[in-house]
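Structure first, then comments.
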Amino acid sequence: MPTLHDRKSIQEIGKWLKGSKFLILQQFRQGEHIDLKFETINPLDEKRLLEFKKILTRYIQKINVKSNY
């Protein structure tokens with residue numbers, strides 16, 4: 001979620017999941033959501049998503065990125 005996560009929060013998530021063998025980092029998709037404020041938020045660009053992947057590879061063995069790109 002673009003407005004909820006930044007480099008620091010992704011690093012904290014990585015620490016929390018340290019030792020995990022596999023993670024799917026999934027792109028946020030615009031559309032219908034339970035909380036209407038999320039309907040107008042744009043997804044992260046590919047560069048930022050891959051940056052988050054790089055941070056997480058310090059903690060998790062294998063990461064797949066699922067995105068709209």
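What follows draws every value from the coordinates through simple rules; no lab data is involved. Values in this document were obtained by computation on a predicted structure and should not be read as measured data. Don't worry about glycine lacking a Cβ; one is built from the backbone with ideal geometry, like all the others, and counts go over all protein chains shown.
With the crude spin-label approximation of a point 7 Å out along Cα→Cβ, what separation in nm comes out for residue 8 versus residue 48?
1.6
List every residue whose amide H lies under 5 Å from the amide H of residue 67, counting only residues 5 or more places away in sequence or on a different chain, with H placed 1.01 Å from N in the peptide plane.
So residue 67 has HN proximity to 27.
Using mean Cβ contacts within 10 Å as the protection proxy, how do 50-62, 12-24 order, highest first?
Result, highest mean first: 50-62, 12-24.
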